Amino acid sequence: MDRSKNQREAAVDQRILHLLQEERDLDKGFKLLMEQYSERLYWHIRSLVKTHENADDVLQNTLIKVLKSIAGFKGRAKLYTWLYRIATNEALTFLKKEQRCHTEELEGGNIDHLYGLRAELSLDGDRAWNLLQQAISTLPDKQKAVFVLRYFEELSYREISDILGTSEGGLKASFHHAIKKVEKYLREAGAFI
Amino acid sequence: MKNEELHKELKEHAPNLAQLREKISRPVVPDSYFLNLEEDMLRRLSEKGGLLTPKSSVKVRLYPLLGRVAAAVVVAGVATWLYFSWTAEEKSKASLANLDVEAYIFQHLDEFDEDLLLEYTSDLPFEEAAFHSESETSWETVSDEELNEYLEDVIDEIDETTLENLL
């Protein structure tokens, strides 16, 4: 079952690559890429950048980057691995920029929005998701990426290793650190009462 | 399979997170977002200079390639021309070995201007200038008859003092 699904996905990936690398079929390839991956990439990005607006922005940047560099894609990695790598990098770069802006705001003495966010969360229906997002945002970049790819995307360590270019052993250690920290954060936030 | 493995891992190291995972529901995405995304992207791409326009894309991909090919052809052409012109010059120089030059000069001695010959021989050491083609025009090879014949030819042109010296 899994094998035939994998084979089907591999065939679609081949088709996407073929179309994207042919000048006259570029638009067809792009449409197929969107059909196949836009939703998956969106949720991966959304798990990292919290809001829909941010996720939309990062996803569009990701897709533009994919199109710009598709000619240089040699097919050594699987297409989805390459796409996830670009998406993860884009999301983490976005978060870094955002963090810089927030630090500047905090230095300016404006911390009201943090309390506002907590108050807003307690009113939010989907509290678990939002609290998880808060917890994830406290993790270092590598742990953030590993946590999201493993916890939400359910990828194997080998697949994550292909995406992030880190050894499987290192990834296991990162994931374990990440889940301990997230659990601690959620416990302190009263999520498990 | 993957899910089971992950669930086991979470249950072992972070049981609360394993439970939470089952409760999580994804937030709502605006209606038709994924349907509109394609259109938004196409619009944005056309604003960005037409990434999906084959013409520009061909330019982007082919121009650097054509440039490199043209540069390589020019460099190869210049290098080939330089190589052949250099070797031809060297070959012609190399083929004109001293002995060949000298042999030519002696064969066509009458055609050369006297000053030019003096200039040529002045560059050589004295003995060589005087007898540099000894092997080919050695005095020993000139018979008495030939010498007498030559002297008879030029006797009128030789002044008396020179004649006395020669004798």
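Observations on the structure shown:
- Shielding by partners - mean other protein chain Cβ count within 10 Å, residues of A:151-158: 3
- Loop-located trypsin sites (Lys or Arg not before Pro) in region A:22-79 (DSSP state other than H, G, I, E, B) with a sparse environment of at most 13 neighbouring Cβ atoms within 10 Å: A:74, A:76.
- Exposure proxy ranking, count of Cβ atoms within 10 Å, fewest first, for A:146, A:58, A:66: A:66, A:58, A:146
- Per-residue HN-Hα couplings for region B:154-159 [Karplus 6.51, -1.76, 1.60; θ = phi - 60°; Hz; x = Gly/Pro]: 9, 4, 5, 8, 8, 7
- Theoretical FRET efficiency, 1/(1+(r/R0)^6), r = Cβ-Cβ of residue B:72 and residue A:7, R0 30 Å, to 0.05: 0.10
- Averaged over A:141-147, number of beta-carbon atoms from partner chains that fall within 10 Å: 0
- Separation of the alpha carbons by more than 23 angstrom is noted, of A:74/A:142; A:5/A:68; A:28/A:97; A:28/A:144; A:50/A:180, for A:74/A:142; A:5/A:68; A:28/A:97; A:28/A:144.
- With R₀ set to 45 Å, the beta-carbon distance separating residue A:77 from residue A:53 gives a calculated FRET efficiency near 0.90.
- Counting neighbouring Cβ atoms within 10 Å and putting the fewest first, the residues A:162, B:153 line up as B:153, A:162.
- Residue order, fewest to most surrounding Cβ atoms within 10 angstrom, among B:46, A:174: B:46, A:174
- Figure legend: label point modelled 7 angstrom from the Cα of residue B:47 along Cα→Cβ; residues of region A:50-90 with amide N under 14 Å from it are A:57-58, A:60-61, A:64.
- When each of the peptides A:133-145, A:81-93 is scored by how many other beta carbons lie within 10 Å of its residues on average, the order from highest to lowest is A:81-93, A:133-145.
- Just so you know, the Rg over Rh for chain A is 1.01, from Cα atoms, with Rh as the Kirkwood radius.
- Distance between the modelled labels on residue B:159 and residue A:168, one decimal in nanometres: 11.2 nm (7 Å Cα→Cβ projection).
- Inter-chain Cβ neighbour count for B:17-28, averaged per residue, equals 6 (cutoff 10 Å, partner chain atoms only).
- Proximal charge balance of residue A:147 [Cβ under 15 Å; K/R count +1, D/E count -1]: +4
- Computed from phi, the 3J(HN,Hα) profile of region A:11-16 under the Karplus parametrisation 6.51, -1.76, 1.60 (θ = phi - 60°) reads 5, 5, 4, 4, 4, 4 Hz, with x in place of Gly and Pro.
Throughout, read-outs are computed from the coordinates displayed, never taken from laboratory work. The structure presented is a predicted model; accordingly, all values stated were derived computationally and were not measured. Counting neighbours? That spans all protein chains shown, and the Cβs are built from the backbone with ideal geometry, glycine included.
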